[in-house]
Structures are given as C-alpha cells and as structure tokens.
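Participant: First, the structure itself, so that you have it in front of you.
The values are calculated or read from the model by the stated rules, or taken from the named source; none is laboratory data. All figures in this text were calculated on a predicted structure; none of them were measured in a lab. FYI the Cβ positions are ideal-geometry reconstructions off the backbone, even for glycines, and counts take in every protein chain you see. Remember, those area values only see protein heavy atoms, side chains included, never the ligands or the DNA or RNA. Shrake-Rupley method; radii C 1.70, N 1.55, O 1.52, S 1.80 Å.
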Amino acid sequence: MLRILSLFKWVADEAYVKASTSGELDLSFAEYKISDYDKNAIEEAVLLAEKYGGTVAVATVGLPEDTKSIKDALSRGPEKAYFINDADFSGLEPSQTASLLHRPFPAGLSTT
C-alpha cells in the first residue's frame, strides 16, 4: 500500500502582486494560495493512491494564521495534514524551510 507525503508551499497569488514606485514587489494586497506546481503534485498523489491503493498526507511550513492552506490542501483529497507553524516563520529562506521539513514524519511515508 502506498503512503505518500506531498509537501507544499503557500505563496502569494501573482494576480495580486504589484510593483511599487521604487520597483520593489508590493505584497500588501496579495491573496495567498498553494503554488500551482504543488496543487498538481497533491492531485497526482491522490490519483496514484486511488489507482494503486494507499493514503496521502500533506505537509507545509507557515505562520499560525496560514491554516487556510491546510484546509485548501485537504479539500484536494489527502487524508492527513502536517502543519509546522510558528509566529517567527515570516520571511523564511528556502533553506530554512527545507531544514524545518527535514524532520522525521511517520514511518512509511514517501514524499512527492
């Protein structure tokens, strides 16, 4: 039986990102979403689990108020979600996020 863990990132929706007069990106009005690549990975994991029998879990790192990301991910079919959160996680670099996700998950889960 397959046990799949799909990692995902909560990102600014590019439709709401604007450039400020100084040329910096203005995210103050941005809505957030699961990245398109990660949505595809979650949906493919669910299809594989349905086809071959198994379960899917998702995991992400974020701020405590980012629970909408978990609801969105679970609505795509996974059975479980792991949410590593802390108020100090604002503006994490990719390497910092990776080190947080490099913690042990339940035995038998593979990542997508």
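Participant: May I ask you to give the solvent-accessible area per residue for the chain, in square angstrom, as obtained with a 1.4 angstrom probe?
Facilitator: With the other protein chains kept in place, the chain gives 64 Å² per residue.
Participant: Relative contact order, percent, of the chain when contacts are C-alpha pairs under 8 Å separated by at least 6 residues?
Facilitator: Dividing the mean separation by the residue count of the chain yields 33 percent.
Participant: Take Tyr16 and Asp86, extend 7 Å from each Cα along the Cα→Cβ direction, and tell me the distance between the two endpoints in nm.
Facilitator: Placing both labels 7 Å beyond Cα along the Cβ direction yields 2.6 nm.
Participant: In the stretch 21-87, which chymotrypsin sites (Phe, Trp or Tyr not before Pro) are in a loop and have at most 10 other Cβ atoms within 10 Å, using DSSP for the loop call?
Facilitator: Filter output for the stretch 21-87: Phe29.
Participant: Give the cross-link partners of Lys68 among the lysines, using a straight C-alpha distance below 20 Å as the criterion and excluding same-chain residues fewer than 8 apart.
Facilitator: Candidates past the 8-residue exclusion: Lys9, Lys33, Lys39, Lys80.
Participant: How large is the helix-only mean residue ellipticity at 222 nm for the chain, computed as the sum of -39500 (n - 2.57) over DSSP H runs with n ≥ 4, divided by its residue count, in deg cm²/dmol to the nearest 500?
Facilitator: Helix contribution divided over all residues of the chain: -9000 deg cm²/dmol.
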